[in-house]
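Notes to accompany the following structure.
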Amino acid sequence: MRSKILIIIPAYNEEANIKRVVDNLIKNYPQYDYVIVNDGSKDRTADICRENHYNLIDLQINLGLAGAFQAGLKYAYHMGYDCAIQYDADGQHRAEYIESLYEEMQKGYDIIIGSRFVTRKRPRSLRMLGNFLISIAMIITTRKSIQDPTSGMRMLNKKMIEEFALNMNYGPEPDTISYLIKSDVKVKEVQVEMDERVAGESYFNFGRSLAYMVRMAISILVIQGFRKRTTSYIQDSEV
Amino acid sequence: MMTILFRVVLIFVSFCTSFFILRKIRQAKMQIEDSIFWIIFAGAVLLISIFPKIADYCASVLGIYSTVNFIFLFMIFVLLIRNFYVTIKLSQLDGEIKELTQEIAVAQTMNKTSEQSVVGKEEIEGEEQ
């Protein structure tokens, strides 16, 4: 029987990591389906996927994380998966926690975030300061506390897959989560552990982190409050 | 020095900009990334009109005789830089559309060719029987 859970792995220039990450999933977690979304990588990421006959969506052009993840969600939507999880290609996420995220989702949540700081304390570093500030911005606007808003490990249920796949401004970022919490979507965090990136380079240098922070702050504090939730699925259910 | 009327005009411009941008977001007709610049721009204009001392100070530091001239110069520079980035982005998008159109058309032609060769073989086999 086909799995109900799809692991979406957006990959941009991950030739050093992709084989290790995907082989681990295939070997140790055959109960889950997966799809790699190659986001127009300039290195051998796509070649490695084809050589190993991985399940691959090969984007011709670099769309950025939001566009790549949405491509994966469109696949999940059309294939009718019950649940999709965003999974890093650099090996930071551990597949052993997918089970506990899925169990929590069965209790009636729409989005489950694999969070590093539910039961553990957030370490004090410059990088975590950004995480803390976004968390504050979300408390101000939603009155709900999310301990690890920048975690990239997010699980969506069927309803959310459709909403994320078919609409504009549904990037997998804290501002979307903030907006959805405000419109009464049920979001829950589950404690997970994450590994450090083994090889390759992170997208976030200092300048990009700063630009990201400014964008998130303006988006969460100003823009999200003006959005109207008119999605195809809501219109359908109201009719 | 800025007249009260000029400050009111700037505040009006700031609110109009915000209103149009936020309306586009509300209608889901604009991506949030692209709206950030306009929100910051509107914020800066509002700041200058509420605290005109900022503009006075900048003008005197740069040796510009009138504050209003500084504001004109500032806006021209900001919009010029913005235009520069928009031109680059537009050029990249143009290139990407060309690439995608070609890729899709070539893929469709290749599909058709392979279908035709399959159909062709079947027809020949059918005639032989």
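Observations on the structure shown:
Residue-by-condition table, conditions (1) in contact (Cβ under 8 Å) with a residue 24 or more places away in the chain; (2) of a type in the set (D, E, K, R):
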| site | (1), (2) |
| --- | --- |
| A:D90 | yes, yes |
| A:Y102 | yes, no |
| A:Q106 | no, no |
| A:R116 | yes, yes |
| A:T119 | yes, no |
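- A:Y179 being within 14 Å of another protein chain (Cβ to nearest Cβ) and assigned to a loop (DSSP other than H, G, I, E, B): no
- Subset of the stretch A:182-191 that is in contact (Cβ under 8 Å) with a residue 24 or more places away in the chain and out of contact with any Asp or Glu (no Cβ under 9 Å at 6 or more places or on another chain) - its residue that is farthest from the other protein chains (Cβ to nearest Cβ): A:Q191
- Test set (1) modelled with pLDDT under 95; (2) under 24 Å from B:E33 (Cα atoms); (3) not polar (S, T, N, Q) - A:G72 fails condition number: (1)
- Members of the stretch A:140-176 found to be more than 14 Å from chain B (Cβ to nearest Cβ) and under 19 Å from A:V222 (Cα atoms), listed by number: A:I140, A:T141, A:T142, A:R143, A:K144, A:S145, A:I146, A:P149, A:T150
- Flag for A:K158 being over 24 Å from A:K74 (Cα atoms) and surrounded by fewer than 19 Cβ atoms within 10 Å (Cβ to Cβ): no
- Segments classed as helices (runs of 4 or more DSSP H), wholly inside the stretch B:1-116, with at least 2 members that are surrounded by 12 or more Cβ atoms within 10 Å (Cβ to Cβ) and within 14 Å of another protein chain (Cβ to nearest Cβ): B:4-26, B:32-50
The values are calculated or read from the model by the stated rules, or taken from the named source; none is laboratory data. All values derive from a computational prediction rather than experimental measurement. Cβ atoms come from the backbone with ideal geometry, glycine included; neighbour counts cover every protein chain shown.
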